[in-house]
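> Please see the structure below; I have some questions.
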Amino acid sequence: MSVTSGKTRPSLTQEILSHLGLANKTAAWGTLGTLRTFLSFSVDKDVQRLLRAIAGQGVDCSAIMGVLTNRTREQRQLICRAFQERTQQDLLKSLQAALSGNLERIVIALLQSAAQFDAQELRTALKNSGPAEDVALEILATRSASHLQECLMVYKQSKSGRRRERGWQGSPPSLALPTDFQVEAEEDIKSETSDILQELLLALAKGVRDRYSGIIDYNLVEQDVQALKQAEAPSTEGTWVLIFTQRNLEHLIRASVIKNTPLYFADKLHQALQDIKPNYQVLMRILISRSETDLLSIRAEFKKKFGKSLYSSLQDAVKGDCRSALLALCRGEDI
């Protein structure tokens, strides 16, 4: 997919919009995830493995990661419920007590539901002291409509922190379970952003995109193409926002306003690996959130563009106890 050729694009908004695809395109490719249903899954055996890893002399981090990074999110949820039933203890709290640092954060992310994970990431981004657009756009524009609705519901109803969290680059956010906050995502978007960015995020958060009926309205496609060509002057970003956030994926592909979504994530991963200290928050979020949808596609785009596999790049850049977990999620080399 490529952006329509024409006059120079006048603003960052159009550039951002053109790079962000939709999850519906990639979520349907379940076989392109690196993490798939573990066929020999035994919830009782996994509970016993985790109990031994926690209760033994010294925590067996390798055993913990061996279980959690080889099970789908659905299977991990079954393990959590079984652990609670058999031990009367909460698995997440038990692992939090045994682990620390980035490894603890990976475990939290793996054991949350997908909606809880995205809601927490979105909350952290909107309450961060830095710019919120990068993470907020990533989540709001690349998740399916049904997942996004669940995420925004969890954002309001689930437990989360009210303090301003500064992410995992500096002081780590509190990992204790805080109090309910009952705040709509839209309220935080309005309070933390402004101008065209606020308009874009609010439109995405409403989830008003058309459903694809199986029929392409080519007259509307042509109308939108012409409207976008005319919207290449300052103060015309609203046209891009309206079309991008309301038209269905198949329509947007015909209007050629979306680029390659896996390439978008490959670029973000590469950027996160470039600093002296990798951006672990970005690495964790993308590898975990895309591991069951399109991480194989992301790996392919990474190798194609940067000439080096994502796996090797992680091996070279990532240090510490979370290294093996991130490599396990990535899964393997691309020759």
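Since every read-out is calculated from the coordinates, none of them should be taken as a lab result. Quantities reported herein were computed from a predicted structural model and do not represent experimental measurements. All Cβ positions, glycine included, derive from the backbone under ideal geometry; neighbour counts span all protein chains shown.
> Among 49-61, 100-112, how do they line up by average Cβ neighbours within 10 Å per residue, starting with the highest? Could the numbers behind the result be given before it?
Values: 49-61: 14.7, 100-112: 20.0.
Top of the packing list down: 100-112, 49-61.
> Now a separate question. Leaving out same-chain residues fewer than 8 places away, which aspartates and glutamates sit with a Cα under 13 Å from that of K190?
Within the straight-line cut-off, K190 pairs with E133, E199.
> Determine the sum of side-chain charges near Q149: Lys and Arg each +1, Asp and Glu each -1, restricted to other residues whose C-beta is under 14 angstrom from that of Q149.
Values: positive: R143, K156, K206, R209, R211; negative: D118, E150, E184, E186.
Neighbourhood net charge equals +1.
> Rank-order 194-207, 115-128 by packing density, defined as the average count of other C-beta atoms within 10 Å over each peptide's residues, highest first. Can you show the working numbers first?
Numbers: 194-207: 18.2, 115-128: 22.3.
Packing proxy ranking, top to bottom: 115-128, 194-207.
> Sorted by average packing, counted as other Cβ atoms within 10 angstrom per residue and highest first, what order do 282-295, 208-221, 32-45 take?
Numbers: 282-295: 23.9, 208-221: 11.7, 32-45: 13.6.
Ranked by mean Cβ neighbours within 10 Å, highest first: 282-295, 32-45, 208-221.
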